[in-house]
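Here the structure is laid out as C-alpha coordinates; the discussion comes afterwards.
The values are calculated or read from the model by the stated rules, or taken from the named source; none is laboratory data. Remember, predicted model here, so these are calculated numbers, not experimental data. Cβ sites come from the backbone with ideal geometry, for glycine too, and all protein chains shown count toward neighbours. Just so you know, the surface numbers come from the protein's heavy atoms only, side chains and all, with ligands and any DNA or RNA stripped out. Shrake-Rupley method; radii C 1.70, N 1.55, O 1.52, S 1.80 Å.
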Amino acid sequence: MLGKLIGYDNRIQSKFFGGVYAVMGVLAGIAAVLKALNEHFNHVIVLQYAYQIAWVICRAAAIAVIVGSIIYVIALFRNNLLKDEGYFMHTLPVPAWQLYVSKLVTGTVWIVVSIVVVILAYMLGSLDFHLPILEILRDSGVEELKIVWLAGIAIFLSIPAALSQFYASFSIGYTWEGKGNSRDRDILSVVALIFVYIAQQIVGMITLGLFITFQCGSIFKPHLLERVIAVLNTMDHVGEGTKFNEYLCHLMGTVSVETFLLCVAFGVVAVWRMSRHLNME
Amino acid sequence: MIQCEHVKKEYGRKTALADFSAEFETGKIIGLLGPNGSGKTTLIKILAGLLTTEEGVVRIDKKPIGVDTKRIVSYLPERPYLSSAFRVKDIIRTFEEFYEDFDKSVAEQMLQSLHIDTKSRIASLSKGNREKVQLVMVMSRRAKVYLLDEPMGGVDPAARDFILKTILNNYNEEACVLISTHLISDVEKILDEVIFIKDGELVLHESVDRIREEEKKSVDALFREVFAC
(Lines give C-alpha, C1' and ligand atoms only; values in the text may rest on other atoms or scores of the structure.)
Protein backbone atom coordinates (compact mmCIF):
# COMPACT_ATOMS: atom_id res chain seq x y z
CA MET A 1 0.00 0.00 0.00
CA LEU A 2 2.91 2.38 0.66
CA GLY A 3 3.89 2.11 -3.00
CA LYS A 4 0.35 2.98 -4.07
CA LEU A 5 0.29 5.96 -1.72
CA ILE A 6 3.60 7.21 -3.09
CA GLY A 7 2.19 6.82 -6.61
CA TYR A 8 -0.93 8.76 -5.57
CA ASP A 9 1.07 11.58 -3.96
CA ASN A 10 3.40 11.74 -6.95
CA ARG A 11 0.46 12.08 -9.31
CA ILE A 12 -0.92 15.03 -7.32
CA GLN A 13 2.43 16.76 -7.04
CA SER A 14 3.52 16.15 -10.61
CA LYS A 15 0.51 18.18 -11.81
CA PHE A 16 1.80 21.18 -9.88
CA PHE A 17 5.52 20.75 -10.44
CA GLY A 18 5.16 19.88 -14.11
CA GLY A 19 3.66 23.29 -14.78
CA VAL A 20 6.20 25.08 -12.60
CA TYR A 21 9.18 23.36 -14.28
CA ALA A 22 7.74 24.09 -17.72
CA VAL A 23 7.55 27.81 -16.91
CA MET A 24 11.08 27.73 -15.47
CA GLY A 25 12.31 25.98 -18.60
CA VAL A 26 10.69 28.56 -20.87
CA LEU A 27 12.17 31.48 -18.91
CA ALA A 28 15.62 29.87 -18.93
CA GLY A 29 15.25 29.15 -22.64
CA ILE A 30 14.36 32.77 -23.37
CA ALA A 31 17.35 33.95 -21.33
CA ALA A 32 19.59 31.48 -23.20
CA VAL A 33 18.40 32.68 -26.61
CA LEU A 34 18.88 36.32 -25.61
CA LYS A 35 22.34 35.54 -24.25
CA ALA A 36 23.35 33.80 -27.46
CA LEU A 37 22.01 36.72 -29.54
CA ASN A 38 23.77 39.16 -27.23
CA GLU A 39 27.09 37.39 -27.74
CA HIS A 40 26.75 37.51 -31.52
CA PHE A 41 25.33 41.05 -31.72
CA ASN A 42 27.00 42.61 -28.68
CA HIS A 43 26.78 46.10 -30.18
CA VAL A 44 22.96 46.03 -30.02
CA ILE A 45 22.03 47.80 -26.76
CA VAL A 46 18.42 46.55 -26.79
CA LEU A 47 19.61 42.94 -26.75
CA GLN A 48 21.88 43.65 -23.79
CA TYR A 49 19.00 45.13 -21.81
CA ALA A 50 16.65 42.36 -22.90
CA TYR A 51 19.11 39.71 -21.74
CA GLN A 52 19.67 41.43 -18.38
CA ILE A 53 15.92 41.66 -17.76
CA ALA A 54 15.39 38.05 -18.83
CA TRP A 55 18.24 36.93 -16.57
CA VAL A 56 16.82 38.81 -13.58
CA ILE A 57 13.40 37.25 -14.20
CA CYS A 58 15.03 33.83 -14.55
CA ARG A 59 16.86 34.19 -11.22
CA ALA A 60 13.74 35.48 -9.49
CA ALA A 61 11.82 32.52 -10.92
CA ALA A 62 14.50 30.16 -9.64
CA ILE A 63 14.13 31.50 -6.11
CA ALA A 64 10.34 31.34 -6.46
CA VAL A 65 10.57 27.69 -7.61
CA ILE A 66 12.64 26.67 -4.57
CA VAL A 67 10.59 28.63 -2.05
CA GLY A 68 7.32 27.72 -3.75
CA SER A 69 8.23 24.02 -3.80
CA ILE A 70 8.88 23.98 -0.07
CA ILE A 71 5.67 25.88 0.69
CA TYR A 72 3.63 23.66 -1.64
CA VAL A 73 4.95 20.43 -0.14
CA ILE A 74 4.24 21.62 3.40
CA ALA A 75 0.79 22.95 2.46
CA LEU A 76 -0.01 19.66 0.70
CA PHE A 77 0.52 17.74 3.94
CA ARG A 78 -1.93 20.04 5.71
CA ASN A 79 -4.53 20.14 2.95
CA ASN A 80 -4.36 16.47 1.98
CA LEU A 81 -4.19 14.92 5.44
CA LEU A 82 -5.70 17.39 7.88
CA LYS A 83 -8.36 19.29 5.96
CA ASP A 84 -11.19 18.16 3.66
CA GLU A 85 -9.09 15.76 1.57
CA GLY A 86 -8.13 14.09 4.86
CA TYR A 87 -11.65 12.63 4.91
CA PHE A 88 -10.58 10.55 1.95
CA MET A 89 -6.98 9.83 2.97
CA HIS A 90 -7.76 8.76 6.56
CA THR A 91 -10.52 6.42 5.42
CA LEU A 92 -8.19 4.55 3.09
CA PRO A 93 -7.24 1.10 4.42
CA VAL A 94 -3.68 2.19 5.21
CA PRO A 95 -2.02 2.91 8.56
CA ALA A 96 -1.23 6.54 9.47
CA TRP A 97 2.53 5.96 9.30
CA GLN A 98 2.29 5.10 5.61
CA LEU A 99 0.33 8.30 4.90
CA TYR A 100 3.11 10.22 6.67
CA VAL A 101 6.06 8.41 5.04
CA SER A 102 4.54 8.83 1.59
CA LYS A 103 4.23 12.60 2.09
CA LEU A 104 7.76 12.84 3.50
CA VAL A 105 9.39 10.77 0.76
CA THR A 106 7.57 12.42 -2.16
CA GLY A 107 7.99 15.89 -0.64
CA THR A 108 11.75 15.37 -0.23
CA VAL A 109 12.14 14.00 -3.74
CA TRP A 110 10.24 16.86 -5.37
CA ILE A 111 12.23 19.49 -3.46
CA VAL A 112 15.49 17.82 -4.57
CA VAL A 113 14.17 17.68 -8.15
CA SER A 114 13.27 21.39 -7.90
CA ILE A 115 16.84 22.19 -6.83
CA VAL A 116 18.21 20.18 -9.78
CA VAL A 117 15.79 21.90 -12.19
CA VAL A 118 16.84 25.31 -10.89
CA ILE A 119 20.54 24.44 -11.33
CA LEU A 120 19.89 23.23 -14.87
CA ALA A 121 17.82 26.35 -15.61
CA TYR A 122 20.68 28.51 -14.32
CA MET A 123 23.14 26.69 -16.53
CA LEU A 124 20.85 27.00 -19.53
CA GLY A 125 19.98 30.65 -18.91
CA SER A 126 23.64 31.64 -18.59
CA LEU A 127 24.79 29.17 -21.29
CA ASP A 128 27.42 28.02 -18.82
CA PHE A 129 27.34 24.23 -18.38
CA HIS A 130 30.27 24.08 -16.02
CA LEU A 131 29.63 22.82 -12.49
CA PRO A 132 32.28 23.86 -9.87
CA ILE A 133 31.28 20.96 -7.58
CA LEU A 134 32.42 18.44 -10.21
CA GLU A 135 35.86 20.04 -10.29
CA ILE A 136 36.05 19.92 -6.51
CA LEU A 137 35.17 16.22 -6.57
CA ARG A 138 37.67 15.53 -9.33
CA ASP A 139 40.54 17.34 -7.58
CA SER A 140 39.78 15.95 -4.12
CA GLY A 141 41.69 13.18 -2.44
CA VAL A 142 40.03 10.22 -0.76
CA GLU A 143 39.72 11.94 2.63
CA GLU A 144 38.31 15.14 1.17
CA LEU A 145 35.83 13.13 -0.91
CA LYS A 146 34.62 11.46 2.27
CA ILE A 147 33.97 14.89 3.83
CA VAL A 148 32.17 16.13 0.72
CA TRP A 149 29.95 13.01 0.69
CA LEU A 150 29.19 13.31 4.40
CA ALA A 151 28.42 17.01 3.99
CA GLY A 152 26.14 16.13 1.08
CA ILE A 153 24.32 13.54 3.18
CA ALA A 154 23.91 16.05 6.03
CA ILE A 155 22.53 18.66 3.61
CA PHE A 156 20.22 16.11 2.00
CA LEU A 157 18.90 14.91 5.38
CA SER A 158 18.14 18.50 6.38
CA ILE A 159 15.30 18.52 3.82
CA PRO A 160 13.18 15.72 5.32
CA ALA A 161 14.16 16.89 8.79
CA ALA A 162 12.81 20.39 8.07
CA LEU A 163 9.66 18.94 6.49
CA SER A 164 9.11 16.64 9.44
CA GLN A 165 9.19 19.66 11.80
CA PHE A 166 6.37 21.29 9.87
CA TYR A 167 4.45 18.01 9.56
CA ALA A 168 4.73 17.39 13.31
CA SER A 169 3.60 20.96 14.05
CA PHE A 170 0.55 20.67 11.80
CA SER A 171 -0.27 17.24 13.22
CA ILE A 172 -0.19 18.66 16.76
CA GLY A 173 -2.15 21.80 15.87
CA TYR A 174 -4.85 20.03 13.88
CA THR A 175 -5.39 17.20 16.36
CA TRP A 176 -5.56 19.35 19.47
CA GLU A 177 -8.60 18.74 21.65
CA GLY A 178 -11.62 20.91 20.98
CA LYS A 179 -13.71 21.68 17.93
CA GLY A 180 -11.70 24.67 16.75
CA ASN A 181 -12.10 25.99 13.24
CA SER A 182 -9.37 25.95 10.61
CA ARG A 183 -7.93 29.31 11.66
CA ASP A 184 -7.63 28.19 15.30
CA ARG A 185 -5.86 25.02 14.18
CA ASP A 186 -3.42 26.98 12.05
CA ILE A 187 -2.62 29.21 15.00
CA LEU A 188 -2.09 26.15 17.19
CA SER A 189 0.16 24.72 14.48
CA VAL A 190 2.33 27.86 14.51
CA VAL A 191 2.58 27.64 18.32
CA ALA A 192 3.52 23.97 17.99
CA LEU A 193 6.16 24.88 15.40
CA ILE A 194 7.78 27.28 17.86
CA PHE A 195 8.01 24.52 20.47
CA VAL A 196 9.24 22.03 17.89
CA TYR A 197 11.93 24.48 16.79
CA ILE A 198 13.01 25.08 20.40
CA ALA A 199 13.18 21.31 20.94
CA GLN A 200 15.32 20.96 17.83
CA GLN A 201 17.70 23.69 19.02
CA ILE A 202 18.00 22.07 22.47
CA VAL A 203 18.83 18.72 20.86
CA GLY A 204 21.35 20.49 18.64
CA MET A 205 23.08 22.07 21.64
CA ILE A 206 23.16 18.75 23.50
CA THR A 207 24.65 17.07 20.44
CA LEU A 208 27.26 19.81 20.11
CA GLY A 209 28.07 19.45 23.81
CA LEU A 210 28.50 15.70 23.42
CA PHE A 211 30.67 16.20 20.33
CA ILE A 212 32.93 18.67 22.12
CA THR A 213 33.11 16.33 25.12
CA PHE A 214 34.20 13.50 22.85
CA GLN A 215 36.82 15.64 21.12
CA CYS A 216 38.05 17.83 23.98
CA GLY A 217 36.88 16.30 27.25
CA SER A 218 33.91 17.11 29.45
CA ILE A 219 32.34 20.52 28.91
CA PHE A 220 31.71 20.72 32.67
CA LYS A 221 35.40 20.56 33.54
CA PRO A 222 37.37 23.86 33.75
CA HIS A 223 39.37 25.47 30.94
CA LEU A 224 37.07 24.23 28.16
CA LEU A 225 38.05 27.01 25.77
CA GLU A 226 41.75 26.29 26.22
CA ARG A 227 41.16 22.60 25.55
CA VAL A 228 39.18 23.35 22.37
CA ILE A 229 41.93 25.71 21.13
CA ALA A 230 44.54 23.06 21.91
CA VAL A 231 42.67 20.46 19.84
CA LEU A 232 42.25 22.89 16.94
CA ASN A 233 45.93 23.84 17.16
CA THR A 234 47.00 20.22 16.78
CA MET A 235 45.14 20.18 13.46
CA ASP A 236 46.66 23.44 12.28
CA HIS A 237 50.10 22.03 11.77
CA VAL A 238 51.44 20.91 8.44
CA GLY A 239 51.06 17.16 8.20
CA GLU A 240 48.09 17.18 10.53
CA GLY A 241 45.68 17.47 7.59
CA THR A 242 44.50 13.93 8.20
CA LYS A 243 43.53 14.77 11.77
CA PHE A 244 41.56 17.80 10.58
CA ASN A 245 39.82 15.72 7.91
CA GLU A 246 39.01 13.13 10.56
CA TYR A 247 37.58 15.87 12.79
CA LEU A 248 35.41 17.14 9.93
CA CYS A 249 34.24 13.61 9.13
CA HIS A 250 33.21 13.11 12.75
CA LEU A 251 31.44 16.48 12.75
CA MET A 252 29.55 15.76 9.51
CA GLY A 253 28.71 12.28 10.73
CA THR A 254 27.41 13.61 14.04
CA VAL A 255 25.29 16.24 12.28
CA SER A 256 23.87 13.61 9.92
CA VAL A 257 22.97 11.23 12.73
CA GLU A 258 21.40 14.04 14.79
CA THR A 259 19.38 15.27 11.80
CA PHE A 260 18.21 11.74 11.00
CA LEU A 261 17.17 11.04 14.59
CA LEU A 262 15.28 14.36 14.81
CA CYS A 263 13.51 13.50 11.57
CA VAL A 264 12.46 10.15 13.01
CA ALA A 265 11.39 11.69 16.34
CA PHE A 266 9.19 14.32 14.69
CA GLY A 267 7.77 11.60 12.44
CA VAL A 268 6.86 9.50 15.48
CA VAL A 269 5.09 12.50 17.03
CA ALA A 270 3.12 13.24 13.83
CA VAL A 271 2.09 9.60 13.31
CA TRP A 272 1.12 9.21 16.97
CA ARG A 273 -1.11 12.30 16.82
CA MET A 274 -2.74 11.22 13.56
CA SER A 275 -3.37 7.64 14.63
CA ARG A 276 -4.37 8.13 18.28
CA HIS A 277 -5.78 11.66 18.36
CA LEU A 278 -7.23 12.25 14.92
CA ASN A 279 -9.84 14.96 15.17
CA MET A 280 -11.04 15.78 11.67
CA GLU A 281 -12.92 19.06 11.59
CA MET B 1 -21.99 -5.80 12.32
CA ILE B 2 -21.53 -2.48 14.16
CA GLN B 3 -21.28 -2.35 17.94
CA CYS B 4 -21.07 0.83 19.99
CA GLU B 5 -20.75 0.42 23.76
CA HIS B 6 -20.80 3.42 26.10
CA VAL B 7 -19.16 5.64 23.53
CA LYS B 8 -18.24 9.12 24.72
CA LYS B 9 -16.80 11.93 22.63
CA GLU B 10 -16.09 15.43 23.83
CA TYR B 11 -14.86 18.53 22.06
CA GLY B 12 -13.27 20.50 24.85
CA ARG B 13 -16.14 21.14 27.29
CA LYS B 14 -18.88 20.20 24.83
CA THR B 15 -20.11 16.60 24.89
CA ALA B 16 -20.91 15.40 21.37
CA LEU B 17 -21.70 11.81 22.33
CA ALA B 18 -22.59 10.81 25.89
CA ASP B 19 -22.66 7.13 26.83
CA PHE B 20 -23.97 6.11 23.42
CA SER B 21 -24.66 2.40 22.92
CA ALA B 22 -26.25 0.72 19.92
CA GLU B 23 -25.90 -2.24 17.60
CA PHE B 24 -26.53 -2.25 13.88
CA GLU B 25 -27.09 -5.44 11.95
CA THR B 26 -26.26 -6.42 8.41
CA GLY B 27 -28.83 -6.23 5.65
CA LYS B 28 -30.48 -3.11 7.11
CA ILE B 29 -30.74 0.50 5.99
CA ILE B 30 -30.69 2.56 9.15
CA GLY B 31 -31.57 6.24 9.40
CA LEU B 32 -29.55 8.25 11.91
CA LEU B 33 -31.87 11.14 12.70
CA GLY B 34 -31.56 14.08 15.04
CA PRO B 35 -31.43 17.87 15.19
CA ASN B 36 -28.31 19.87 14.38
CA GLY B 37 -25.50 19.23 16.83
CA SER B 38 -27.07 16.03 18.19
CA GLY B 39 -24.02 13.88 17.43
CA LYS B 40 -24.97 12.18 14.15
CA THR B 41 -21.88 13.26 12.21
CA THR B 42 -19.69 12.62 15.24
CA LEU B 43 -20.90 9.03 15.42
CA ILE B 44 -20.37 8.48 11.71
CA LYS B 45 -16.88 9.97 11.83
CA ILE B 46 -15.98 7.68 14.74
CA LEU B 47 -17.17 4.66 12.77
CA ALA B 48 -15.22 5.87 9.72
CA GLY B 49 -12.04 6.25 11.80
CA LEU B 50 -11.83 10.04 11.55
CA LEU B 51 -12.34 10.70 15.26
CA THR B 52 -11.10 8.94 18.36
CA THR B 53 -13.26 8.48 21.43
CA GLU B 54 -12.63 9.35 25.05
CA GLU B 55 -14.41 6.28 26.31
CA GLY B 56 -16.28 3.28 25.05
CA VAL B 57 -15.80 0.50 22.57
CA VAL B 58 -16.59 0.63 18.88
CA ARG B 59 -16.35 -2.44 16.69
CA ILE B 60 -17.19 -3.16 13.09
CA ASP B 61 -17.40 -6.84 12.13
CA LYS B 62 -16.00 -7.59 15.63
CA LYS B 63 -12.83 -5.59 14.93
CA PRO B 64 -11.74 -2.28 16.48
CA ILE B 65 -11.72 0.72 14.15
CA GLY B 66 -8.56 0.61 12.08
CA VAL B 67 -7.11 -0.52 8.78
CA ASP B 68 -9.17 -3.73 8.73
CA THR B 69 -12.48 -1.93 9.22
CA LYS B 70 -11.61 0.77 6.69
CA ARG B 71 -11.23 -2.00 4.15
CA ILE B 72 -14.90 -2.93 4.49
CA VAL B 73 -16.42 0.51 5.21
CA SER B 74 -17.51 2.80 2.39
CA TYR B 75 -17.83 6.35 3.69
CA LEU B 76 -19.44 9.40 2.12
CA PRO B 77 -18.81 12.64 4.06
CA GLU B 78 -21.03 15.71 3.88
CA ARG B 79 -18.30 17.76 2.26
CA PRO B 80 -16.19 17.60 -0.92
CA TYR B 81 -13.22 15.39 -0.16
CA LEU B 82 -11.72 14.39 -3.49
CA SER B 83 -8.55 16.10 -4.66
CA SER B 84 -9.37 18.86 -7.14
CA ALA B 85 -6.00 18.23 -8.82
CA PHE B 86 -7.43 15.09 -10.43
CA ARG B 87 -9.76 14.17 -13.23
CA VAL B 88 -12.68 11.82 -12.64
CA LYS B 89 -10.77 8.95 -14.27
CA ASP B 90 -7.90 9.52 -11.81
CA ILE B 91 -10.36 9.17 -8.94
CA ILE B 92 -11.67 5.92 -10.43
CA ARG B 93 -8.09 4.65 -10.71
CA THR B 94 -7.41 5.63 -7.09
CA PHE B 95 -10.48 3.81 -5.79
CA GLU B 96 -9.57 0.77 -7.89
CA GLU B 97 -6.03 0.76 -6.45
CA PHE B 98 -6.97 1.08 -2.80
CA TYR B 99 -10.25 -0.80 -2.53
CA GLU B 100 -10.46 -4.44 -3.61
CA ASP B 101 -14.28 -4.30 -3.51
CA PHE B 102 -14.52 -1.36 -5.94
CA ASP B 103 -16.32 -2.16 -9.19
CA LYS B 104 -14.95 0.09 -11.94
CA SER B 105 -17.56 -0.91 -14.51
CA VAL B 106 -20.44 0.01 -12.16
CA ALA B 107 -18.84 3.40 -11.50
CA GLU B 108 -18.32 4.10 -15.19
CA GLN B 109 -21.88 3.07 -16.03
CA MET B 110 -23.34 5.37 -13.36
CA LEU B 111 -21.17 8.27 -14.47
CA GLN B 112 -22.22 7.71 -18.06
CA SER B 113 -25.90 7.76 -17.07
CA LEU B 114 -25.22 11.09 -15.33
CA HIS B 115 -23.46 12.42 -18.45
CA ILE B 116 -20.30 13.09 -16.49
CA ASP B 117 -17.21 12.74 -18.68
CA THR B 118 -14.47 10.81 -16.87
CA LYS B 119 -11.91 13.13 -18.44
CA SER B 120 -13.47 16.11 -16.62
CA ARG B 121 -11.40 17.77 -13.94
CA ILE B 122 -12.92 17.57 -10.46
CA ALA B 123 -12.27 21.30 -10.08
CA SER B 124 -14.37 22.09 -13.17
CA LEU B 125 -17.45 20.14 -11.99
CA SER B 126 -20.40 21.92 -10.40
CA LYS B 127 -21.02 21.31 -6.68
CA GLY B 128 -23.90 18.98 -7.48
CA ASN B 129 -21.91 16.94 -9.98
CA ARG B 130 -18.97 16.70 -7.60
CA GLU B 131 -21.28 15.30 -4.94
CA LYS B 132 -22.69 12.84 -7.46
CA VAL B 133 -19.19 11.67 -8.39
CA GLN B 134 -18.42 11.12 -4.71
CA LEU B 135 -21.65 9.18 -4.24
CA VAL B 136 -20.99 7.07 -7.34
CA MET B 137 -17.50 6.17 -6.08
CA VAL B 138 -18.80 5.20 -2.64
CA MET B 139 -21.75 3.17 -3.94
CA SER B 140 -19.60 1.36 -6.53
CA ARG B 141 -17.96 -0.55 -3.72
CA ARG B 142 -19.28 -3.91 -2.50
CA ALA B 143 -18.65 -2.85 1.09
CA LYS B 144 -20.02 -4.44 4.25
CA VAL B 145 -20.82 -1.08 5.81
CA TYR B 146 -21.91 2.13 4.09
CA LEU B 147 -21.73 5.34 6.11
CA LEU B 148 -23.52 8.16 4.32
CA ASP B 149 -23.39 11.52 6.07
CA GLU B 150 -26.08 13.86 4.76
CA PRO B 151 -25.96 12.38 1.24
CA MET B 152 -28.80 14.64 0.08
CA GLY B 153 -27.80 17.85 1.80
CA GLY B 154 -27.92 20.93 -0.42
CA VAL B 155 -29.26 19.24 -3.59
CA ASP B 156 -32.49 19.73 -5.50
CA PRO B 157 -35.44 17.30 -5.19
CA ALA B 158 -34.67 15.58 -8.51
CA ALA B 159 -31.09 14.98 -7.41
CA ARG B 160 -32.36 13.63 -4.08
CA ASP B 161 -34.43 11.05 -5.93
CA PHE B 162 -31.39 10.10 -7.98
CA ILE B 163 -29.31 9.70 -4.82
CA LEU B 164 -31.90 7.49 -3.15
CA LYS B 165 -32.24 5.40 -6.30
CA THR B 166 -28.45 5.06 -6.52
CA ILE B 167 -28.22 3.92 -2.92
CA LEU B 168 -31.01 1.38 -3.33
CA ASN B 169 -29.82 -0.01 -6.66
CA ASN B 170 -26.14 -0.31 -5.85
CA TYR B 171 -25.59 -1.10 -2.22
CA ASN B 172 -24.55 -4.58 -1.15
CA GLU B 173 -27.76 -6.10 0.23
CA GLU B 174 -25.81 -8.00 2.84
CA ALA B 175 -24.32 -4.76 4.09
CA CYS B 176 -25.33 -2.37 6.83
CA VAL B 177 -26.19 1.11 5.54
CA LEU B 178 -26.20 4.02 7.98
CA ILE B 179 -27.65 7.26 6.61
CA SER B 180 -27.51 10.50 8.55
CA THR B 181 -29.97 13.08 7.32
CA HIS B 182 -32.40 15.88 8.12
CA LEU B 183 -34.58 15.12 5.11
CA ILE B 184 -36.61 12.44 6.83
CA SER B 185 -39.67 12.47 4.59
CA ASP B 186 -37.45 11.82 1.54
CA VAL B 187 -35.43 9.01 3.04
CA GLU B 188 -38.10 7.35 5.18
CA LYS B 189 -39.35 5.20 2.33
CA ILE B 190 -36.06 3.29 2.08
CA LEU B 191 -35.29 2.91 5.79
CA ASP B 192 -35.61 -0.35 7.71
CA GLU B 193 -34.73 1.12 11.10
CA VAL B 194 -34.30 4.54 12.61
CA ILE B 195 -32.19 5.90 15.42
CA PHE B 196 -33.14 9.15 17.08
CA ILE B 197 -30.21 10.88 18.69
CA LYS B 198 -30.40 13.99 20.87
CA ASP B 199 -27.59 15.78 22.74
CA GLY B 200 -25.31 12.83 22.06
CA GLU B 201 -27.67 10.28 23.56
CA LEU B 202 -29.74 7.53 22.02
CA VAL B 203 -33.44 8.41 22.31
CA LEU B 204 -34.99 5.74 20.11
CA HIS B 205 -33.86 2.74 18.08
CA GLU B 206 -36.78 1.11 16.34
CA SER B 207 -37.83 -0.48 13.09
CA VAL B 208 -39.80 1.75 10.73
CA ASP B 209 -42.57 -0.85 10.39
CA ARG B 210 -43.13 -0.97 14.15
CA ILE B 211 -43.29 2.80 14.34
CA ARG B 212 -45.95 2.86 11.64
CA GLU B 213 -47.91 -0.04 13.15
CA GLU B 214 -47.73 0.89 16.81
CA GLU B 215 -47.36 4.67 16.75
CA LYS B 216 -49.65 4.93 13.73
CA LYS B 217 -47.56 7.71 12.32
CA SER B 218 -44.75 8.28 9.91
CA VAL B 219 -41.16 8.56 11.08
CA ASP B 220 -41.21 12.21 10.05
CA ALA B 221 -44.24 12.90 12.25
CA LEU B 222 -42.72 11.01 15.19
CA PHE B 223 -39.47 12.93 14.75
CA ARG B 224 -41.32 16.25 14.89
CA GLU B 225 -43.06 15.09 18.04
CA VAL B 226 -39.93 13.87 19.80
CA PHE B 227 -37.80 16.86 18.87
CA ALA B 228 -40.44 19.55 19.11
CA CYS B 229 -38.89 22.89 20.06
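Once you have the alpha carbon radius of gyration of chain A, what is it after dividing by 2.2 N^0.38 Å, with N set to its residue count? Walk me through the numbers on the way to the answer.
Working: Rg = 23.6 Å, N = 281, 2.2 N^0.38 = 18.7 Å.
For chain A, the normalised Cα radius of gyration is 1.26.
What is the extension gain from A:Phe156 to A:Ala22, computed as 0.36 nm multiplied by their sequence separation minus the C-alpha to C-alpha distance, in nm to one decimal?
Result: 45.8 nm gained on full extension.
Report the rotationally averaged projected area of region B:60-103 based on its alpha-carbon convex hull, in square nanometres.
Mean projected area of the Cα convex hull: 3.9 nm².
Over chain B, calculate the relative contact order: mean separation of alpha carbon pairs under 8 Å at least 6 apart, over the residue count, as a percent.
That works out to 29 percent.
With a probe of 1.4 Å, find how much accessible area region A:42-100 has per residue, and write the answer as a whole number in Å².
Solvent-accessible surface per residue comes out at 43 Å².
Per-residue accessible area for A:Val101 at 1.4 Å probe radius, Å² rounded to 10?
Surface accessible to solvent at A:Val101 totals approximately 40 Å².
Treating the beta-carbon of each Lys and Arg as +1 and of each Asp and Glu as -1, no other charges, what is the dipole magnitude of region B:1-70 about its Cα centre, to the nearest 20 debye?
The dipole of region B:1-70 has a size of about 240 debye.
At 1.4 Å probe size, with no ligands or nucleic acids counted, give the accessible surface of B:Asp161 in Å², nearest ten.
Ignoring ligands and nucleic acids, B:Asp161 comes out at about 90 Å².
Size of region A:50-206 along its principal axes in angstrom, Cα-based, largest extent first?
Reported extents, whole Å, longest axis first: 58, 46, 32.
Please report, largest first and rounded to whole Å, the three semi-axes of the ellipsoid equivalent to the protein assembly as shown, where each semi-axis is the square root of five times an eigenvalue of the C-alpha gyration tensor.
Those come to 55, 32, 18 Å.
Taking K and R as +1 and D and E as -1, what net charge do the other residues with C-beta under 13 Å from the C-beta of B:Gly27 add up to?
Result for the local shell: -3.
At 7 Å along Cα-to-Cβ for each site, give me the label-to-label distance between B:Glu174 and A:Glu246 in nm.
Simple spin-label model gives 7.1 nm for this pair.
Counting only protein heavy atoms and a 1.4 Å probe, tell me what percentage of chain B's accessible area is made up of carbon and sulfur. Before the final figure, lay out the partial values.
Numbers: 4440 of 10250 Å².
Taking all protein chains in place, chain B shows 43 percent carbon and sulfur surface.
Using the Kirkwood formula on the Cα atoms of chain B, what hydrodynamic radius do you get, in angstrom to one decimal?
On the way: mean 1/r = 0.0551 Å⁻¹.
Radius from the Kirkwood sum: 18.1 Å.
Enter the accessible area of A:Lys15 (Å², nearest 10), with the probe set to 1.4 Å and all protein chains included.
Accessible surface of A:Lys15 is approximately 90 Å².
Take the residue pairs A:Lys103/B:Lys119; B:Lys9/B:Lys144; B:Lys62/B:Lys189 and return only those whose Cα atoms are more than 32 Å apart. The partial results should precede the final answer.
Working: A:Lys103/B:Lys119 26 Å; B:Lys9/B:Lys144 25 Å; B:Lys62/B:Lys189 30 Å.
Listed pairs above 32 Å: none.
Could you tell me the calculated FRET efficiency between B:Lys189 and A:Arg276, based on Cβ-Cβ distance and R0 = 35 angstrom, to the nearest 0.05?
Once rounded, the FRET efficiency stands at 0.30.
Dipole of the protein assembly as shown (Lys/Arg Cβ +1, Asp/Glu Cβ -1, origin at the Cα centre): which of A:Asn38, B:His115, A:Trp272 lies farthest to the positive side?
A:Asn38
Write down the Kirkwood hydrodynamic radius of region B:122-229, to one decimal in angstroms, obtained as one divided by the mean of 1/r over all alpha carbon pairs.
Details: mean 1/r = 0.0658 Å⁻¹.
Every distinct Cα pair counted, the radius reaches 15.2 Å.
Evaluate the charge dipole of the protein assembly as shown about its Cα centre and quote only its size in Debye, nearest 20, assuming +1 on the Cβ of each Lys and Arg and -1 on the Cβ of each Asp and Glu.
The calculation lands at about 640 debye.
Name the residue from A:Ala230, B:Ser74, B:Met139 whose Cα lies farthest towards the positive end of the charge dipole of the protein assembly as shown, charges +1 on Cβ of Lys and Arg and -1 on Cβ of Asp and Glu.
Of A:Ala230, B:Ser74, B:Met139, it is A:Ala230.
Under 8 Å for C-alpha pairs, at least 6 residues apart: give me the relative contact order for region A:1-148, rounded to a whole percent.
38 percent
Please compute the Kirkwood hydrodynamic radius of region A:142-205 from all pairs of different C-alpha atoms, in Å with one decimal.
Result for region A:142-205 stands at 13.6 Å.
Using a Cα-Cα cut-off of under 19 Å, which aspartates and glutamates could be cross-linked to A:Lys243, ignoring same-chain neighbours fewer than 8 residues away?
A:Glu143, A:Glu144, A:Glu226
Looking at the protein assembly as shown, what % of its DSSP beta bridges pair antiparallel, to the nearest 5?
So the antiparallel bridges in the protein assembly as shown amount to around 55 percent.
Report the accessible surface area buried between chains A and B, summing both sides, using a 1.4 Å probe on protein heavy atoms only, in Å² rounded to the nearest 100.
2800 Å²
Under DSSP H, which helices of chain A have Cα atoms covering 27 Å or more of the helix axis and a Kyte-Doolittle average no less than -1.0?
Qualifying helices: A:2-40, A:45-81, A:96-126, A:142-174, A:182-216, A:241-276.
Dividing the alpha-carbon Rg of region A:1-122 by 2.2 N^0.38 Å yields what?
That ratio works out to 1.41.
If you count only protein heavy atoms with a 1.4 Å probe, what accessible area per residue comes out for region A:161-281, rounded to a whole Å²?
Here the residues of region A:161-281 average 58 Å² of exposed surface.
What pairs in B:Lys14/B:Lys89; B:Lys45/B:Lys104; B:Lys104/B:Lys217; B:Lys104/B:Lys127; B:Lys70/B:Lys217 have C-alpha atoms more than 32 Å from each other?
Table pairs above 32 Å Cα-Cα are B:Lys14/B:Lys89; B:Lys104/B:Lys217; B:Lys70/B:Lys217.
Over region B:1-118, what relative contact order in percent results from Cα pairs under 8 Å that are six or more residues apart?
Working: 130 pairs, mean separation 26.4, N = 118.
It comes to 22 percent, rounded to a whole number.
Heavy atoms only, probe 1.4 angstrom, no DNA, RNA or ligands counted: give me A:Phe220, A:Phe77 ranked by accessible area, highest first.
Order by accessible area, largest first: A:Phe220, A:Phe77.
Specify, per residue and in Å³, the volume enclosed by the convex hull of the alpha carbon atoms belonging to region B:82-172.
92 Å³
Please compute the net charge surrounding B:Ser124, taking Lys and Arg as +1 and Asp and Glu as -1 over other residues with Cβ under 11 Å from its Cβ.
+3
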